[in-house]
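K.L.:
Please read through the structure below; I'll follow up with questions.
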Amino acid sequence: MIVALAAALTAALVALIGGLLLPVDRRRGAALVVAVAVLVSTTSGSAPEVVRHVAVATVVGLCGAALVSPRSWVIGRPRATMATSVFFAFSIVCVLVLAPSTIVLMSELAAIGIAISWLVATSSPRDVTVFVRGLVALGLVQVALGVVELTVTHRPFPFGYKVLATGRSFVSENKILPGGLVRIEGTLGHPIPYAVFLAVCLVVVLAARGTFPAWFPSVAVVALSTGILLSGSRSVVVGVLLAVTYVLLTSEARTRATKIVLVGLVAVAASAALASEIVQAVETLLASGSYENRMGALRAVSGLIGRPALEAVVGSGFGSEPELYARGLLPQEGFTVVDNQLVTTLATFGITGVVLLVAVLVIGFVHASRVGRAVLVVMIVTLFSFDYLVWFSMSAVLWAFCALDDRSHDGRSGADPSGSDRADDVRGRDARTLVDSPDR
């Protein structure tokens, strides 16, 4: 704990010194990029516990230092951030009452979630531009690390594979690509968080093309798509397809029809050419244990709601899944993970927890920018296939994009945050790409 506190103070000092060298309207964006870089690199399940504690303390210290940085721009009402804070307040109370032994982990998750959310909510449009550009750069670094993992090291960098309770390393075969390839996971500790992170970056590139140089989106889309396929995550592919559909349907009206027709033709041609492979992939999915486990999670809902009244309302406690498996209230298909965040939340935090979580997502989606909504499509789809709120990297991305609200009503999104009327036209346009109204 002393080491973690020292790391937080050091991070705050470094952020303070480094932040003074940056323009005031870019400090929060830079802090967000560094925070995400630390989380995706050092907080996976395969990282030593002390490394995770130090990383969390570092990120909280960094965010805290950035939050106290002065700002001269006006922000809207941080609705999703307030909802996120309420969700974590409820979670902390439940943990203190029902599962106090897990308070350290929940406190860390809450500190990261609230700090990241507030940092995004109080960011200037140019901060947001710095954030999303940095995020995509981190995604491309992860693709490179994944390729090296597959072809050279044959183990994830830097901590290797997570060792399960049975003593077996978590290594699985890629069911999307042929050749018996091993699924890659970069530094995120699992193929699904890896794929989700790349999917978020891919969607950001597509939804905010004007933020990047003209040549960049094509290169980035190919690279990020390759990484997603190498991860072997089928549910993430579904999330990407739905997010791309949203991006197409909300693109500029004058080019929307043409884009939809072209994408439709490509999809039909690809489906015809790969019909047998698609059928085989679907059959493999339906016969897999992971599919049965996720269907079992849905079947468990009625039993979880049927628990004693108080337990149904506030849950059985954070980390109570082993007890619920033993009681037969969670899927009995032989897995020890639920693979559905909504069902896991219902199990551990009850109906109230689910309602608060859904409220954050709905408020975030309703008030989000177009980029924020596109990313939330991916994150919402993943809720039904992975328990990711205990993953620092994935949950941080969720809370960040819930807080990325639409500020077009403000009338200041393209203005110079310093108050000058001589804002740079190009940078102003890039900022408006990210925070303008999602529909045109």
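The values are calculated or read from the model by the stated rules, or taken from the named source; none is laboratory data. Small disclaimer: the values here were computed from a predicted structure and weren't measured. Don't worry about glycine lacking a Cβ; one is built from the backbone with ideal geometry, like all the others, and counts go over all protein chains shown.
K.L.:
Can you tell me which residues in segment 62-88 are more than 20 Å from Val362 (Cβ to Cβ), small (Gly, Ala, Ser) and part of a helix (DSSP H, G or I)? It would help to see each step written out before you state the result.
P.N.:
Step one: filter segment 62-88 for residues more than 20 Å from Val362 (Cβ to Cβ), giving 62-75.
Then keep just the ones that are small (Gly, Ala, Ser); that gives 64-66, 69, 72.
Of everything in segment 62-88, those that are more than 20 Å from Val362 (Cβ to Cβ), small (Gly, Ala, Ser) and part of a helix (DSSP H, G or I) turn out to be Gly64, Ala65, Ala66.
K.L.:
Can you confirm whether Gly210 is assigned to a helix (DSSP H, G or I), in contact (Cβ under 8 Å) with a residue 24 or more places away in the chain, out of contact with any strand residue (DSSP E or B) (no Cβ under 6 Å at 6 or more places or on another chain) and within 23 Å of Tyr388 (Cβ to Cβ)? Let's see the steps before the verdict.
P.N.:
Details: assigned to a helix (DSSP H, G or I): yes; in contact (Cβ under 8 Å) with a residue 24 or more places away in the chain: yes; out of contact with any strand residue (DSSP E or B) (no Cβ under 6 Å at 6 or more places or on another chain): yes; within 23 Å of Tyr388 (Cβ to Cβ): no.
Criteria not met by Gly210.
K.L.:
Would a scan of segment 41-48 turn up a residue that is more than 22 Å from Arg133 (Cα to Cα), of a type in the set (Gly, Ala, Ser) and buried (at least 24 other Cβ atoms within 10 Å of the Cβ)?
P.N.:
Scanning segment 41-48 turns up at least one residue that is more than 22 Å from Arg133 (Cα to Cα), of a type in the set (Gly, Ala, Ser) and buried (at least 24 other Cβ atoms within 10 Å of the Cβ).
K.L.:
Residue by residue through segment 89-110, note down the ones that are closer than 10 Å to Phe349 by Cα and either under 21 Å from the mean Cα position of the chain (by Cα) or outside any helix (DSSP H, G or I) (or both).
P.N.:
Ser91
K.L.:
A further question follows. State whether the residues of segment 170-185 include one that is over 17 Å from the mean Cα position of the chain (by Cα), among the aromatic types (Phe, Trp, Tyr) and at pLDDT 95 or above. Outline the logic, then answer.
P.N.:
Filtering segment 170-185 down to residues over 17 Å from the mean Cα position of the chain (by Cα) leaves 170-184.
Now narrow it down to the ones that are among the aromatic types (Phe, Trp, Tyr): 170.
Filter once more, so that each one left must be at pLDDT 95 or above: none.
There is no residue in segment 170-185 that is over 17 Å from the mean Cα position of the chain (by Cα), among the aromatic types (Phe, Trp, Tyr) and at pLDDT 95 or above.
K.L.:
Is it true that some residue in segment 293-303 is modelled with pLDDT of 75 or more, assigned to a loop (DSSP other than H, G, I, E, B) and farther than 25 Å from Val221 by Cβ?
P.N.:
Scanning segment 293-303, I find at least one residue that is modelled with pLDDT of 75 or more, assigned to a loop (DSSP other than H, G, I, E, B) and farther than 25 Å from Val221 by Cβ, so the answer is yes.
K.L.:
Residues of segment 64-96 being free of Cβ contacts under 8 Å to residues at least 24 places away in the same chain and within 30 Å of Gly319 (Cα to Cα), which ones?
P.N.:
Matches in segment 64-96: Met82, Ala89, Ile92, Val93, Leu96.
Table: residues versus (1) within 22 Å of Asp339 (Cα to Cα); (2) among the polar types (S, T, N, Q); (3) touching an Asp or Glu at 6+ places or on another chain (Cβ under 8 Å).
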| residue | (1), (2), (3) |
| --- | --- |
| Val136 | no, no, no |
| Ala144 | no, no, no |
| Asn174 | yes, yes, no |
| Ile184 | yes, no, yes |
| Arg209 | no, no, no |
| Ser225 | no, yes, no |
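K.L.:
Then there's this: Check every one of the helices (runs of 4 or more DSSP H) wholly within segment 323-440 and list those with 1 or more residues that are under 30 Å from Glu311 (Cβ atoms) and at pLDDT 95 or above. I'd like the intermediate steps shown before the answer.
P.N.:
On the way: elements: 341-367, 370-383, 392-402, 425-435.
So the answer is 341-367, 370-383, 392-402.
K.L.:
Out of curiosity, is Val132 over 30 Å from Gly315 (Cβ atoms), at pLDDT 95 or above, among the β-branched types (Val, Ile, Thr) and under 19 Å from the mean Cα position of the chain (by Cα)?
P.N.:
yes
K.L.:
Still on this structure, please answer the following. For segment 168-186, check the following and say yes or no: at least one residue is in contact with a Leu (Cβ under 6 Å, 6 or more places away or on another chain), assigned to a helix (DSSP H, G or I) and surrounded by 19 or more Cβ atoms within 10 Å (Cβ to Cβ).
P.N.:
For segment 168-186, residues in contact with a Leu (Cβ under 6 Å, 6 or more places away or on another chain), assigned to a helix (DSSP H, G or I) and surrounded by 19 or more Cβ atoms within 10 Å (Cβ to Cβ): absent.
K.L.:
Of the conditions (1) within 29 Å of Arg26 (Cβ to Cβ); (2) of a type outside the set (Lys, Arg); (3) surrounded by 17 or more Cβ atoms within 10 Å (Cβ to Cβ), Tyr161 satisfies every one except a single condition; which number is it?
P.N.:
(1)
K.L.:
Output the number of the condition that Val221 fails; it satisfies all remaining conditions of (1) farther than 25 Å from Ala400 by Cα; (2) without any contact (Cβ under 8 Å) to a residue 40 or more places away in the chain.
P.N.:
(1)
K.L.:
Follow-up. Within segment 224-233, which residues are surrounded by 20 or more Cβ atoms within 10 Å (Cβ to Cβ) and out of contact with any Lys or Arg (no Cβ under 7 Å at 6 or more places or on another chain)?
P.N.:
Passing the criteria: Leu224, Gly227, Ile228, Leu230, Ser233.
K.L.:
Which residues, counting only those in segment 209-224, are at pLDDT 95 or above and among the small types (Gly, Ala, Ser)?
P.N.:
Ala220, Ala223
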